[in-house]
1. Tally up the residues in region A:103-150 that are closer than 24 Å to residue B:75 by Cβ, surrounded by fewer than 19 Cβ atoms within 10 Å (Cβ to Cβ) and touching a helix residue (DSSP H, G or I) at 6+ places or on another chain (Cβ under 7 Å), please.
2. Mind listing just one residue for me: the one in region B:32-52 that is surrounded by fewer than 19 Cβ atoms within 10 Å (Cβ to Cβ) and closer than 12 Å to residue B:16 by Cα and, of those, nearest to the other protein chains (Cβ to nearest Cβ)?
3. Do we have any residue at all in region B:11-31 that's touching a residue at least 60 places away in the same chain (Cβ under 8 Å), at the interface with chain A (Cβ under 7 Å from one of its Cβ atoms), under 15 Å from residue B:82 (Cβ atoms) and under 12 Å from the mean Cα position of the chain (by Cα)?
4. Please determine, by comparing only the residues of region B:63-86 that are under 15 Å from the mean Cα position of the chain (by Cα) and of a type in the set (D, E, K, R), which one is surrounded by the fewest Cβ atoms within 10 Å (Cβ to Cβ).
5. I need the full set of residues from region B:52-68 which are of a type in the set (Phe, Trp, Tyr) and within 17 Å of residue A:121 (Cα to Cα), in order please.
6. Does any residue in region B:58-71 that is among the polar types (S, T, N, Q) come within less than 7 Å, Cβ to Cβ, of a residue that is part of a loop (DSSP other than H, G, I, E, B) six or more places away or on a different chain, and which pairs are these?
7. Tell me which residues, restricted to region B:26-51, are of a type in the set (A, V, I, L, M) and farther than 14 Å from residue A:121 by Cβ.
8. Within region B:53-77, track down each residue that is out of contact with any helix residue (DSSP H, G or I) (no Cβ under 9 Å at 6 or more places or on another chain) and either of a type in the set (Asp, Glu) or at the interface with chain A (Cβ under 7 Å from one of its Cβ atoms) (or both).
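No lab work stands behind these numbers, since they all come straight from the coordinates. All values reported here derive from a predicted model rather than from experimental measurement. Backbone-built Cβ (ideal geometry, glycine too); neighbour counts: all protein chains shown.
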Amino acid sequence: MRRTRFAAAFLALAFVGSACGGASSETVAADQPEVDRPANDPVADLPTPENTATNAQPADEAAESDTEPIAVATTPPVTATDTDEPAVLQPTAPPAEEASPTADAPEEPAPVAYATVELPSAPVIDLANGAEADLADLAEPGPTLLWFWAPH
Amino acid sequence: MQLALNFPDLNIIGLGAQDSLAEANEFVTLTGTTAAPITMVWDPSFDTWRSFGIRSQPYWILYDGQGELVSSSPGAIDFEAVTAAL
């Protein structure tokens, strides 16, 4: 990088030096900002640091562009590995393994099928809400306990 | 009742009769049976008791999950017998 900048600066100085003899005052006026100097002032023909930097910029860009391909060159291998991944994953993930968890899962016990006791049809009063109900409608599936009671 | 809490699948139906409806309501309030998962009903006609042949109380009848008669006994509910049957 240093070497490149040094070469660019050297080329810029050489370019300016060779251009000093042939450059006219109109050319200098076009490149330089307006400064109150005599038309024949030799200092006006000398390049300013800004001009040097401006002239050296292409060289820097060239130097930077030299590094860009390196950065670009590093990305393709990454994409290449990305494209390789599916090929590696496909053989390691056989479809048989996807079905195996359900096959290896412990079987849940089958739900118990309860029967419903047949209770006689008779009108009763539901003490939870005071509504009249049919005893036969109170039967539900499952074990059933009938408890006969009286207040006194 | 602890039995209803221990066996949530057990359907418990309390069939009350005799006396009056007001006394039946007072009974369920005092015993707190309405708060438990127990269906408490009252039969003023005794028809339900007669259909099961009940002549005294308390009395309890237990059916298993298949609807088969397990126990039919007078007196207080035998929790151990019910637990063993379930």
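1. Final tally of qualifying residues: 1.
2. Ranking the candidates gives B:47 first.
3. Checked against the condition, which is being touching a residue at least 60 places away in the same chain (Cβ under 8 Å), at the interface with chain A (Cβ under 7 Å from one of its Cβ atoms), under 15 Å from residue B:82 (Cβ atoms) and under 12 Å from the mean Cα position of the chain (by Cα), region B:11-31 yields no hits at all.
4. B:78
5. We begin by selecting, within region B:52-68, every residue of a type in the set (Phe, Trp, Tyr); these are B:52, B:59-60, B:63.
Listed by number, the list holds a single entry, B:52.
6. B:66/A:115
7. Hits for region B:26-51 are B:28, B:30, B:35, B:36, B:38, B:40.
8. Selection gives B:58, B:63, B:65, B:66, B:67, B:68.
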